[in-house]
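J.: For reference, the structure I am asking about is given below.
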Amino acid sequence: MKPTALSRYLIEAQHQGHINADLRLLLEVVARACKTISSAVGKGALGDVLGDAGSGNVQGEAQKKLDVLSNEILLEANEWGGHLAGLASEEMEHAHAIPSSYPRGNYLLLFDPLDGSSNIDVNVSVGTIFSVLRCPDGVTEPRDEHFLQPGSAQVCAGYTVYGPSTILVLTFGRGTHMFTLDREQGSFILTRSDVQVPEDTREFAINMSNQRFWQAPMQAYIRDLLAGKTGPRGKDFNMRWIASMVSEVHRILTRGGIFMYPTDNKDPSKAGRLRLMYEANPMGFILEQAGGACSTGRGRMLDVMPEGLHQRIPVFLGSRNEVAEAERYHLNHDHGSA
Ligand code: AFP
């Protein structure tokens, strides 16, 4: 059968009434921006894209050159197409309303332009994460508060992983699908449709160096995973840590697993490391559509009502039964039975 390019896939989805023309255009534009980022990532030192930008973002994190460049690529690509009312990014303190000189659409786009940026200089996979919401009725100049919608309100979410191959993963609520970039043709080709995450796993991902800062239920859960076959879980677990959430999620979509970034006591002002709106929520939507789960440890991620654009949140995502197991440790602890 002839391979299906992303453009054709989206046109067919529009004809079937699953997406409208504006959302199709939005996805085409985001995919095009991701191709540009992929090309910059691929050039590495030859493109002078490695190293620090010499600036910091709103969250006090040092920006890499590629963080800044990827943000500019996504902003520039999405500003003038007429499909968006506003944008928000990890790299920008506040939401950006589409200037009145351009046509405006009804969607809001949120993104982490380059996730896992500590990996760039060592030539390990990084990615872009995005989430699409509807602009509330009657709002023409969206501000931060108009983006504060629960993950269950997302109309679409996706990520692109820039690894040995560049893969775009997408959901608009009808399954999770993977498109691999054909670098010669310059187009994304459907390579896996209706991805399903195995319900059980023997693989977990966590930054173990934070162990001494974890709270009691987390300590208990990981202790039992590490105890292996002779412990309460009765099986041996393997561990992975790539330090790029996109790459971890991609592994989990491919072969199962659980990824965790819990709250810890390292910096009490931060409820975890990952951001709800443009990291946890889009990944939650993608995983749920693939039969997996995403939780705060104490409930479904997509049900959380956001309080801030850059809000942080504890994250447990991956194989459904293992996420439920991690939740059980937290809920038992809260109810005094562990
Ligand atoms: P950036 O968004 O700053 O690139 O950080 C990546 C990330 O938020 C996430 O992708 C990783 O899981 C996590 O940080 C890795 O953090 P540590 O290995 O430093 O704990």
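J.: For segment 245-272, name all the residues that are surrounded by fewer than 24 Cβ atoms within 10 Å (Cβ to Cβ), farther than 15 Å from ARG298 by Cα and away from the ligand (no atom under 13 Å from the Cβ).
T.: THR254, ARG255, GLY256, ASN265, PRO268, SER269, listed by residue number.
J.: Keeping to segment 74-107, report how many residues are of a type in the set (A, V, I, L, M), more than 16 Å from the ligand (Cβ to nearest atom) and either open to solvent by 30 Å² or more (accessible area, probe 1.4 Å) or under 19 Å from the mean Cα position of the chain (by Cα) (or both). Before you say what the answer is, go through the steps one by one.
T.: Of segment 74-107, the ones of a type in the set (A, V, I, L, M) are 74-75, 77, 84-85, 87-88, 92, 95, 97-98.
Restricting the remaining residues to those that are more than 16 Å from the ligand (Cβ to nearest atom) gives 75, 77, 84-85, 87, 95, 97-98.
Those still in the list that are either open to solvent by 30 Å² or more (accessible area, probe 1.4 Å) or under 19 Å from the mean Cα position of the chain (by Cα) (or both) too: 75, 87, 95.
Total meeting the criteria: 3.
J.: Could you list, in sequence order, all residues of segment 194-210 that are open to solvent by 70 Å² or more (accessible area, probe 1.4 Å) and in contact with a His (Cβ under 8 Å, 6 or more places away or on another chain)?
T.: ASP194
J.: Can you tell me which condition VAL304 does not meet? The list is (1) free of Cβ contacts under 8 Å to residues at least 40 places away in the same chain; (2) closer than 27 Å to HIS177 by Cα, and all the others hold.
T.: With (1) free of Cβ contacts under 8 Å to residues at least 40 places away in the same chain; (2) closer than 27 Å to HIS177 by Cα applied to VAL304, the lone miss is (1).
J.: Let me ask another. Could you please give the count of residues in segment 300-321 that are in a loop (DSSP other than H, G, I, E, B), closer than 14 Å to MET260 by Cα and not polar (S, T, N, Q)?
T.: 2
J.: Let me ask another. Of all residues in segment 108-125 being free of Cβ contacts under 8 Å to residues at least 60 places away in the same chain and within 14 Å of the ligand (Cβ to nearest atom), which is least open to solvent (accessible area, probe 1.4 Å)?
T.: SER117
J.: Give the residue, chosen from ARG8, ARG32, that is farther than 20 Å from PRO113 by Cβ and part of a helix (DSSP H, G or I).
T.: Checking each option against the conditions leaves just ARG8.
J.: Restricting the search to segment 35-60, which residues are over 15 Å from SER117 (Cα atoms) and either surrounded by 13 or more Cβ atoms within 10 Å (Cβ to Cβ) or touching a strand residue (DSSP E or B) at 6+ places or on another chain (Cβ under 8 Å) (or both)?
T.: Correct list: LYS35, THR36, SER39, GLY47, VAL58.
J.: Taking segment 126-160 as the search range and keeping residues that are over 16 Å from ILE286 (Cα atoms) and open to solvent by less than 20 Å² (accessible area, probe 1.4 Å), which one is nearest to the chain's Cα centre (by Cα)?
T.: Of everything passing the filter in segment 126-160, VAL126 is nearest to the chain's Cα centre (by Cα).
J.: Which numbered condition in (1) out of contact with any helix residue (DSSP H, G or I) (no Cβ under 6 Å at 6 or more places or on another chain); (2) closer than 22 Å to GLY292 by Cβ; (3) of a type in the set (A, V, I, L, M) is the only one that LEU148 fails?
T.: Here LEU148 meets the rest and fails (2).
J.: Could you list all residues from segment 273-293 that are open to solvent by less than 40 Å² (accessible area, probe 1.4 Å) and of a type in the set (Lys, Arg)?
T.: Matches in segment 273-293: ARG275 only.
J.: Which residue out of VAL41, VAL49, VAL58, VAL30 is within 17 Å of TYR278 (Cβ to Cβ), within 16 Å of the ligand (Cβ to nearest atom) and among the β-branched types (Val, Ile, Thr)?
T.: VAL58
J.: Which of the residues belonging to segment 214-240 are surrounded by 15 or more Cβ atoms within 10 Å (Cβ to Cβ) and within 16 Å of the ligand (Cβ to nearest atom)?
T.: If the condition is that a residue be surrounded by 15 or more Cβ atoms within 10 Å (Cβ to Cβ) and within 16 Å of the ligand (Cβ to nearest atom), then TRP214, MET218, ILE222 are the ones that fit.
J.: List the residue pairs whose Cβ atoms are under 7 Å apart, where the first residue sits in segment 238-264 and is in contact (Cβ under 8 Å) with a residue 40 or more places away in the chain and farther than 14 Å from VAL323 by Cβ, the second is within 13 Å of the ligand (Cβ to nearest atom) and assigned to a helix (DSSP H, G or I), and the two are 6 or more positions apart or on different chains.
T.: ILE242/GLU248; ALA243/SER118; ALA243/ASN119; SER244/ASN119; MET245/GLU279; MET245/MET283; ASP264/ASN210; ASP264/PHE213
J.: Another question, if that's okay. Answer with yes or no whether VAL161 is assigned to a loop (DSSP other than H, G, I, E, B) and hydrophobic (A, V, I, L, M, F, W, C). Spell out the reasoning first.
T.: Details: assigned to a loop (DSSP other than H, G, I, E, B): no; hydrophobic (A, V, I, L, M, F, W, C): yes.
No, not satisfied.
J.: State all residues of segment 249-304 that are aromatic (Phe, Trp, Tyr) and under 11 Å from the mean Cα position of the chain (by Cα); if no residue qualifies, say none. Spell out the reasoning first.
T.: Of segment 249-304, the ones aromatic (Phe, Trp, Tyr) are 259, 261, 278, 285.
Across segment 249-304, the qualifying residues are TYR278, PHE285.
J.: Among the residues of segment 85-107, which ones are of a type in the set (A, V, I, L, M), assigned to a strand (DSSP E or B) and either out of contact with any Phe, Trp or Tyr (no Cβ under 8 Å at 6 or more places or on another chain) or touching a residue at least 40 places away in the same chain (Cβ under 8 Å) (or both)? Outline the logic, then answer.
T.: Let us first name the residues in segment 85-107 that are of a type in the set (A, V, I, L, M), namely 85, 87-88, 92, 95, 97-98.
The next check asks that each one be assigned to a strand (DSSP E or B); those that pass are 85, 87-88, 97.
Scanning segment 85-107 gives ALA85, ALA88, ALA97.
The values are calculated or read from the model by the stated rules, or taken from the named source; none is laboratory data. Values in this document were obtained by computation on a predicted structure and should not be read as measured data. Every residue, glycine among them, receives a Cβ derived from its backbone with ideal geometry; neighbour counts consider all protein chains shown. Only protein heavy atoms, including side chains, enter the accessible area calculation; ligands, DNA and RNA are left aside. Shrake-Rupley method; radii C 1.70, N 1.55, O 1.52, S 1.80 Å.
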